Structure formats: C-alpha cells, structure tokens
1. Would you pick out the residues in segment 82-96 that are closer than 20 Å to THR142 by Cα, surrounded by 18 or more Cβ atoms within 10 Å (Cβ to Cβ) and not hydrophobic (A, V, I, L, M, F, W, C)?
2. Give me a count of the residues in segment 205-227 that are surrounded by fewer than 16 Cβ atoms within 10 Å (Cβ to Cβ) and either under 17 Å from the mean Cα position of the chain (by Cα) or in a loop (DSSP other than H, G, I, E, B) (or both).
3. For segment 1-55, which residues satisfy the criterion of being out of contact with any Leu (no Cβ under 8 Å at 6 or more places or on another chain), closer than 28 Å to PRO166 by Cα, of a type in the set (Gly, Ala, Ser) and free of Cβ contacts under 8 Å to residues at least 40 places away in the same chain?
4. When only residues in segment 113-126 that are within 12 Å of ligand 4 (Cβ to nearest atom) and of a type in the set (A, V, I, L, M, F, W, C) count, which is farthest from CYS36 (Cα to Cα)?
5. Output the qualifying pairs, or none if there are none: Cβ atoms under 7 angstrom, residues six or more apart or on different chains, first residue in segment 214-234 and assigned by TED's automatic domain parsing to the domain that holds THR297, second residue acidic (Asp, Glu) and open to solvent by less than 40 Å² (accessible area, probe 1.4 Å).
6. Only one of these conditions is not met by TYR109: (1) out of contact with any helix residue (DSSP H, G or I) (no Cβ under 9 Å at 6 or more places or on another chain); (2) closer than 26 Å to VAL251 by Cα. Which number is it?
7. Looking at segment 240-271, which of its residues are in a loop (DSSP other than H, G, I, E, B) and either within 16 Å of ARG322 (Cα to Cα) or out of contact with any strand residue (DSSP E or B) (no Cβ under 9 Å at 6 or more places or on another chain) (or both)?
8. Farther than 21 Å from ASN121 by Cα, assigned by TED's automatic domain parsing to the domain that holds ASN102, among the β-branched types (Val, Ile, Thr) and open to solvent by less than 10 Å² (accessible area, probe 1.4 Å): which single residue out of VAL144, VAL134, VAL171, VAL157 fits that description?
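The values are calculated or read from the model by the stated rules, or taken from the named source; none is laboratory data. For clarity, every value in this text was computed on a predicted model and none was experimentally measured. Counting neighbours? That spans all protein chains shown, and the Cβs are built from the backbone with ideal geometry, glycine included. Heads up: the accessible areas ignore ligands, DNA and RNA and are worked out on the full protein's heavy atoms, side chains in. Shrake-Rupley method; radii C 1.70, N 1.55, O 1.52, S 1.80 Å.
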Amino acid sequence: MTQRISLTRYLVEQQRIRHHLLAELRLLIEVVARACKGISHAVTQGALGGVLGSAGSENVQGEVQKKLDIIANEVLIEANEWGGHLAAMASEEMDGIYAVPNRFPQGEYLLLFDPLDGSSNIDVNVSIGTIFSVLQKPEGSTGVTEQDFLQPGSRQVAAGYCIYGPQTTLVLTLGHGVVMFTLDREQGSFVLTGEDLRVPEDTREFAINMSNMRHWDAPVKRYVDECLAGKEGPRGKDFNMRWIASMVADVHRILTRGGIFMYPWDKREPDKPGKLRLMYEANPMSWIIEQAGGAATNGRQRILDIQPNGLHERVSVILGSRNEVERVTQYHLN
Ligand code: AHG
Ligand code: MN
Ligand code: MN
Ligand code: MN
C-alpha cells in the first residue's frame, strides 16, 4: 500500500529538506488547514446545520452576506488569532485589518482570506471554497497597519485554497510548485494526493460569464468571438465553455485539466477594473497558476506585479493556460 503522506508530514519535510519553510509559516499553514476542515464540516451540514441563506447584513463590498460568509470568517479568525504566528489578518468580509489582540502572542505574518468564495452557490449545493494568501510583515515596522498589507502578489510566501466539493481538497504553493491534499474525513487529516501540478499550455475550454458580453472591452469580445467561431474560425478548433461562478471551482478545473478563466473589466462600473479582489482572490490564485506553469494578467500586466492601493482593490483577471492568456493579453496590447 502506498504510504499516505499527511499535510503535517509534507510540511515538516519541506522545512527539513528545503530550509525555505520556517517553522512559524509551517504552523500557520496547519492552523489555516484546520480552520478549513471546520468550514468544510459546516458546509457539509447545509440545511441540517442551519448555515444556508442570507445573514441579512452587508459587507464592505456592498454584498449581502450569507450566513456561511460570516461563519467561515469567524472560524478563520478564531483559529488564527491565538496561534502566535500572525501580526494581523484581512478578509473580504471585514473592513480594515484585524490586528491580533495584545493578549495573544504576536507573529510576523499577515494572513488575507476570502473565507467563503462562491457565495451565490451556497444554497444550491455547488462547490465553494476558501482562498488564502500569506505575506510577511515588513521589516522594522512597529505595530501593524493596512499599509503593511499593500504588497504586490509577488511578495506572497504562501498561497492556497480549499475547495468544498464532492471532496474537500486543499491546494497550496510555497513558491516551489503546487501540491494538493484531499481530506480524509474519517482520519480528519489532509492526505497528499497531487504534487507538482501543471496547467497545460493550450486549451479548448474558456470560462467567462457570457451574460456580461455586451459590457466587455473589445479585446475580450474578440477573443471569445474567435472561440465561438470554432474550427471554421481563425482558431481552427472548437472550444467548450464552463462557468461555475465559484472562482475556486473554475480555477481548480483549470489546474486539473487546463483552460482560461476571465473576469474582465466591463463598462457597468467603468471606474472599477473588474469584480474580483486583488489581495485575497486574484493574487493567491495567480501565484498558484504561475507556479503550475500557467499565466495570469489583468489584460495588460502580470497580476503579481500590481502594486495594491487598497485592501479591497478590484482587478480584471485573465488566468490559466499560458498560450491563451498571452493571446488575450496581446489583443489588449495591440
Ligand atoms: P465571493 O462569493 O467571494 O464574493 O466571490 C464570488 C466571485 C467568484 O468566486 C466568481 O468567479 C464570481 O464572483 C462570479 O461572479 P458572477 O456571479 O458575476 O458570475
Ligand atoms: Mn462575496
Ligand atoms: Mn470570492
Ligand atoms: Mn467570499
């Protein structure tokens, strides 16, 4: 029987072999993974756990919060505040940063998360997830401020997501490739089920919310029209389309079999570059995709190079199979 390697054992080995993984960061990742187990349990309860439906409140984004948005946010905060690895946290569901209270030991890391991604899918039993990103607190900064978080995605030290689907799967990068762990519910542990995940450079599958077509910019419209023209068109091949409306699920499919995911700027909110948030959706997902050989741009530049100006800053996202992302980006630059 092949030996099962747990998340803990994998991280300890990374710490020992690669020396790039400090104990503090390893312990932080294990705390986040434990929190994701707790969220997975709540998600799986569904109606039985009274976790469905709206919470009746609004978040800083102006979105109506689902009960699970708030539950997941609280699970991540409670799991992480006493651990001693963090200076502060930031979340889609919180306005401003949450500095770890002085009654708890302070750490050097900054944790950002989208506690529950794909909220519109909660009540219809479609895969949802948690996305997280880890930065280091800047050297020498006393205390911790929102400004400390405003680092480009290229400065992340860990990024990952947990997808709550038929399986609960944790996907993680520490900058040395992408690994995947599947939750063994009976043992209660994440077991290594994929290493060195790679995104195929080419694809015949695109993911975009087609109902927004009339609002897109010309380069995205051109790309999608060419895909729709199929093998009689300029691409000379037929394409398939998928749109799950949970970024974690669409990205997981692309990580598993290739594809291109686009949530581009559209003219409904011309002053906003898109719907998705840079710090806790686009940056972690872009790093994972790049670490697996894919590409991620906002149509004009590498997402990981963008200097953030605000915690909840939005960004246009084009990510996935490298050759397709480069084609759409080229259309923007022509
Ligand atoms: P969240 O539920 O965390 O607010 O994120 C939802 C995002 C993302 O997961 C998904 O790709 C996108 O919203 C779907 O948007 P549409 O419903 O406009 O298609
Ligand atoms: Mn939301
Ligand atoms: Mn989200
Ligand atoms: Mn969310």
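1. Applying the first criterion (closer than 20 Å to THR142 by Cα) to segment 82-96 yields 82-90, 96.
Add one more test, that the residue is surrounded by 18 or more Cβ atoms within 10 Å (Cβ to Cβ), and what stays is 83, 85-90.
Matches in segment 82-96: GLY83, HIS85.
2. Qualifying residue count, segment 205-227: 2.
3. ALA47, GLY49, GLY50, SER54, ALA55
4. Within segment 113-126, the subset within 12 Å of ligand 4 (Cβ to nearest atom) is 113-122.
Checking which are of a type in the set (A, V, I, L, M, F, W, C) leaves us with 113, 116, 122.
Details: PHE113: 11, LEU116: 10, ILE122: 16 Å.
Looking at the filtered set, the residue picked out is ILE122.
5. Taking only residues 6 or more apart or on different chains, the pairs are HIS215/ASP266; TRP216/ASP266; GLY233/GLU226; PRO234/GLU226.
6. (1)
7. Correct list: ALA245, GLY258, GLY259, ARG268, PRO270, ASP271.
8. Details: VAL144 fails: open to solvent by less than 10 Å² (accessible area, probe 1.4 Å); VAL171 fails: farther than 21 Å from ASN121 by Cα; VAL157 fails: open to solvent by less than 10 Å² (accessible area, probe 1.4 Å).
Result: VAL134 is the single residue among VAL144, VAL134, VAL171, VAL157 that is farther than 21 Å from ASN121 by Cα, assigned by TED's automatic domain parsing to the domain that holds ASN102, among the β-branched types (Val, Ile, Thr) and open to solvent by less than 10 Å² (accessible area, probe 1.4 Å).
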